[in-house]
Amino acid sequence: MKSFQELIGRKSLRKKLTVLTVACLLTLLFSLGSVVWAKSGDPSGAATIAAEADLAIDYVWVLISGFLVMFMQAGFALVEAGFCRAKNVVNLISKNLIDFSLGALVFFAFGYALLVGPDSGGLIGLGQPFLVGSSYDVGEYLNFFWMMVFAATAATIVSGAVAERIKFKAYLIYTVFVTGLIYPLYGHWVWGGGWLANLPFGGGHLDFAGSGVVHAVGGFVGLAGAVVLGPRFGKFRKGKPQAIPGHSMTLAALGVFILWFGWFGFNPGSTFSAHELRIAVIAVNTTLAAAAGALSILLLAKWKTGSWDLGLGLNGVLGGLVAVTAPCAWVEGWAALLIGAIGGGIVYGGMSMLEDWGVDDPVGAVSVHGFNGLWGLVAVGLFADGTYGGVTGLFFGGGFGQLVSQLIGALTVFCWSFGTGYLMFKAIDILIDVRVSPQVEVEGLDLWEHGGEAYPEMVRKGGI
Amino acid sequence: MKKIEAIIREEKLEDVTDSLTALGYPGVTISRVKGHGKQKGVTEQFRGRKYRIDFLTKLKLEIVAEEERVEDIVETIVSQAKTGEVGDGKIFVSPVEEATRIRTFERGSKAL
């Protein structure tokens, strides 16, 4: 007779047990969700449109915007691939594929329920998992689709900060945590009627399209990942930061243009209604901030380094976009321009600061999404002009109320995402070693983790 | 027999081979090589951070010819590959002991 220890020591059996455990957990969750099987939703949509025919245009608006946000995944994949080395491209694209695919499923299973469900104590939403029962409803599905593409955006931001050295298995675990817990809980506090939304200062903490909820969460979980992983080999020589050039500026630039385009869904779509004609102002503000971000960092780079640095210019576009994401609905064009221009400067300063601290963020995700996410939140409290939704900041006679709410939110999103992110990556490190072995890192993750490379002829054969 | 090894700028290849063809020469082998002379590479920049490229890409032409042809060939290469700027390259000439044509087993200068 074999002992139990010997039995579970066998690899195939251990695999089967893991699959069985996951299946059991899923079934359990599903049955918990089905307990309250109240069929009060409107799965066909007939009743919804009969009650209000006008809703059709809003549904189309939200869905098309959501499709654009989903397309931002392509942008992230290209930016990250372009800014990193050819030997890790398959790994980077795989991470982008899996954080959307697995992330969407986890968010469907319970992430969404935690974000939008009925509020409990200001901390957590307790909704219907798996979109069953009363959630089997066109309005609910619309809301889910919108929230899901946003959750996946937050998840994919981290990929860049931990690039070229994280184990793929560790990234799978991370994806489950961020889309199932870290993102939904913070999202609930701001967008689900949680405690931040109900702060007694100004109009409560406000984050129109997610400078904080999406970008700062992604940025600071990414920072935690970069800190736990440590810098890539060769990033610091005798303590001095080195450039590790990416393999394709073309791909990076294409990715940034796709992201910019996708942002026209991200920001204007966040009105969640085509009847809010403010969408025109939001679209213009989004563009102005991106353009100003690009220009300010390009001039800064020319002044500081003597070159028109395209890589920085691309990061500047994204910095401007992230910064204007929270205030885009509440500010005038000139303010959006200013917010974006400052955003470009923040990207430049943030990247040098992180390198001075010995943190290696291969694509600049922390400066673009983290630091500018915070700046976007603060900007609401400064520049909101009171013309839309009654939101007024310090510079327009709104006093310090809104600014205080924004500062509390900014501090919270930093502590929450960096804190939970750090604990999660540490736990993963203890369980399975979060970082690949030195040999894998030097030879490239593609060959060792994925069994093949993006450009076999270019990398292996050395061009001969 | 002598071997002429010429390290030249990539963009000068066509000018050099065109003139060599007009001159008439036995044949050439070309390879892409990396290295540096006194110039010691260049500095580039990636997202605000400067880095050194210590070795630049050049082309190496190898021509084996009879001794009396060498001076003409070297002069032709110099006249075509020269820009006057640092990084134009170098030419080395060295003796060759033996040559063999694989197809016919001809030896010496007949094999060129």
Phi-based couplings in Hz for the range A:163-180 (Karplus 6.51, -1.76, 1.60; Gly and Pro marked x): 5, 6, 8, 8, 5, 4, 4, 5, 5, 4, 5, 4, 4, 4, 5, 6, 7, x
Förster radius 22 Å - calculated FRET efficiency between B:Lys90 and B:Thr43, Cβ distance, rounded to 0.05: 0.45
Label-to-label distance, nm, for residues given as B:Ser79 and B:Thr100 (7 Å Cα→Cβ offset): 3.8
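Go ahead and run the numbers for FRET between B:Glu11 and B:Tyr51, Cβ-Cβ distance against an R0 of 30 Å, rounding to 0.05.
Working: r = 24 Å, r/R0 = 0.79.
With R0 = 30 Å, the Cβ-Cβ based efficiency is 0.80.
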Estimated inter-spin distance, A:Ala280 and A:Leu181, nm [label 7 Å along Cα→Cβ]: 4.7
Label-to-label distance, nm, for residues given as A:Trp303 and A:Glu457 (7 Å Cα→Cβ offset): 4.6
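Using just the alpha carbons, could you tell me how many Å³ per residue the convex hull of chain B encloses? Mind dumping the intermediate values first?
Numbers: hull volume 14.0 nm³, N = 112.
Per residue, the Cα convex hull of chain B comes to 125 Å³.
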Inter-centroid distance (Cα atoms) of the range A:262-279 relative to the range A:112-167, Å: 19
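Could you give the alpha-carbon Rg of the range A:327-460 over 2.2 N^0.38 Å, rounded to two decimals?
Working: Rg = 20.7 Å, N = 134, 2.2 N^0.38 = 14.1 Å.
Taking the Cα Rg and dividing by 2.2 N^0.38 Å, one obtains 1.46.
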Compactness of the range A:153-226 - radius of gyration and Dmax, Cα, Å: 13.8, 44
Debye, to nearest 20: dipole size of chain A, +1 on Lys, Arg Cβ, -1 on Asp, Glu Cβ: 1740
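Return the calculated 222 nm mean residue ellipticity for chain A, to the nearest 500 deg cm²/dmol, obtained by summing -39500 (n - 2.57) across DSSP H runs with n ≥ 4 and dividing by the residue count. Walk me through the intermediate numbers first.
Details: 19 runs with 290 residues, N = 464.
Result for chain A: -20500 deg cm²/dmol, rounded to the nearest 500.
So for the range A:41-95, what are the equivalent ellipsoid semi-axes in whole Å, largest first, each being the square root of 5 times an eigenvalue of the Cα gyration tensor?
On the way: eigenvalues 334, 26, 4 Å².
Output for the range A:41-95: semi-axes of 41, 11, 4 Å.
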Lysine-lysine proximity count for the range B:52-112, Cα under 19 Å, sequence distance 8 or more or distinct chains: 5
Per-q log10 I(q)/I(0), the protein assembly as shown, q = 0.13 Å⁻¹ (Debye; single scatterer per alpha-carbon; no solvent): -1.29
Where N is the number of residues in the range A:288-385, Cα Rg divided by 2.2 N^0.38 Å: 1.01
Kirkwood hydrodynamic radius over Cα pairs of the range A:199-265, then Stokes diffusion coefficient at 4 °C and 1.567 mPa s, in µm²/s: 82
From phi via Karplus (6.51, -1.76, 1.60), per-residue ³J(HN,Hα) for the range A:51-64 in Hz, x at Gly/Pro: 6, 8, 4, 4, 5, 3, 5, 5, 4, 4, 4, 5, 5, 4
Alpha carbon centroid spacing (whole Å) that separates the range B:33-112 from the range A:354-416: 58
J(HN,Hα) series, the range B:61-75, from Karplus relation 6.51 cos²θ - 1.76 cosθ + 1.60, nearest Hz, glycine and proline x: 9, 10, 10, 9, 9, 6, 3, 5, 8, 4, 4, 4, 5, 4, 4
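Using Cβ counts within 10 Å as a stand-in for footprinting exposure, how do A:Cys328, A:Cys84, A:Cys415 rank, fewest first?
Numbers: A:Cys328 31, A:Cys84 26, A:Cys415 11.
Arranged by neighbour count, lowest to highest, A:Cys328, A:Cys84, A:Cys415 become A:Cys415, A:Cys84, A:Cys328.
Can you compute the FRET efficiency between A:Asp433 and A:Phe108 using 1/(1 + (r/R0)^6), with r the Cβ-Cβ distance and R0 = 25 Å? Round to the nearest 0.05. Intermediate results must be reported in sequence, preceding the final value.
Working: r = 30 Å, r/R0 = 1.20.
So the FRET efficiency works out to roughly 0.25.
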Whole-number D in µm²/s for the range A:277-323 (Stokes-Einstein; Kirkwood sum over Cα pairs; 10 °C, 1.306 mPa s): 146
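Given the peptides A:129-135, A:424-430, B:89-95, arrange them by the average over their residues of other C-beta atoms within 10 Å, most packed first.
Numbers: A:129-135: 19.3, A:424-430: 17.7, B:89-95: 12.6.
By packing density, highest mean first, the sequence is A:129-135, A:424-430, B:89-95.
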Ordering of A:143-151, B:46-54 by packing [mean C-beta count within 10 Å, highest first]: A:143-151, B:46-54
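The numbers here are math on the coordinates, done by the rules we state, and not lab data. In this text, all values refer to a predicted model and were calculated from it rather than measured experimentally. Note: ideal-geometry Cβ built from the backbone for every residue, glycine included; neighbour counts use all protein chains shown.
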